[in-house]
Amino acid sequence: MFGGETPKPGHLHVIDLDGTMRTLSDGVMLTIGRGVHGFTLDRGFGEFILTHPNLRIPEETSEFAINASNERFWEPPVKRYVVECLAGRGGVRGKDFNMRWIASLVAEVHRILIRGGLFMYPKDTKDPAKPGRLRLLYEANPMAMIVEQAGGACSTGRGRMMDLMPAELHQRVPVILGCKSEVERIEHYHLEHDQGLDLSYSSPLFKERSLFLQN
């Protein structure tokens, strides 16, 4: 399954691989395990120039990305988080949030590296046979390495992505990455839910008065 090699979690691969992400604007984000640096192609010289040294993801954010069309399949902790964000200044978060969805992991991570934010492709019940949509080994782990090296975090919702032991080559996983404090908040919501410590969760934002009303 793994070409004769013993599978191991992502954080043990950092001595073997660097993390490289090609962006949509002739840019490259690179880490070799000591921070993240952004390079932009200078077409005149035909070379990549260091334009974003030592990128750091801001510790706070008011922006998140999730595919709202899957709302009816989300787990309660994810619904809880999104509803709190959409409630804005009048809600428990006490500030307004912007919601985005580019539907491209690379584009989302690039945006987060440049200006901060949160990306979620969480576990859902749309296809119970698939615990997530993105592949652990060649999608989630490389982005997790880059995000962590920039001061962010990457999680399944129930634990650090790069601590997850691969079970198969094309294993799919839920992905929550970006601003560390927001990732930790969502992990806490999952923990409360799994331990039965959260209240039975229901919100009118996802019912009769919802912008996401299901006909």
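Read-outs: derived from the displayed coordinates by stated rules, not from any lab. Bear in mind the structure is a predicted one, so any value in this text is a computation, not a measurement. Because the Cβ atoms are built from the backbone with ideal geometry, glycine has one as well, and the counts that use them run over all protein chains shown.
Tell me which residues, restricted to region 26-49, are aliphatic (A, V, I, L, M) and surrounded by fewer than 13 Cβ atoms within 10 Å (Cβ to Cβ). Walk me through it before giving the result.
So in region 26-49, the residues aliphatic (A, V, I, L, M) come out as 28-30, 32, 36, 41, 49.
Matches in region 26-49: ILE49 only.
Collect the residues in region 139-194 that are basic (Lys, Arg) and touching a strand residue (DSSP E or B) at 6+ places or on another chain (Cβ under 9 Å), keeping them in residue-number order. Within region 139-194, ARG160, ARG172, LYS180 meet the criteria.
Restricting attention to region 111-136, the residues that are more than 24 Å from MET165 (Cβ to Cβ) and either in a strand (DSSP E or B) or of a type in the set (D, E, K, R) (or both) add up to 4.
Residues to consider are GLU139, GLU108; find the one that is surrounded by fewer than 22 Cβ atoms within 10 Å (Cβ to Cβ) and part of a helix (DSSP H, G or I).
Every option except GLU139 fails the conditions.
In this structure, does ARG56 turn out to be in contact (Cβ under 8 Å) with a residue 40 or more places away in the chain, within 19 Å of the chain's Cα centre (by Cα) and outside any strand (DSSP E or B)? Yes.
The set of residues from region 117-138 being of a type in the set (Gly, Ala, Ser) and touching a strand residue (DSSP E or B) at 6+ places or on another chain (Cβ under 7 Å) comprises GLY117, GLY132. When THR40, THR61 are checked against the criterion of being in a loop (DSSP other than H, G, I, E, B), more than 20 Å from ARG158 (Cα to Cα) and among the β-branched types (Val, Ile, Thr), THR61 stands alone in meeting it.
Confirm whether LEU41 is closer than 27 Å to GLU192 by Cα, among the hydrophobic types (A, V, I, L, M, F, W, C) and out of contact with any His (no Cβ under 7 Å at 6 or more places or on another chain). So LEU41 does not fit the description; no. The set of residues in region 114-135 that are hydrophobic (A, V, I, L, M, F, W, C) and within 12 Å of the chain's Cα centre (by Cα) comprises LEU118, PHE119, MET120, LEU134.
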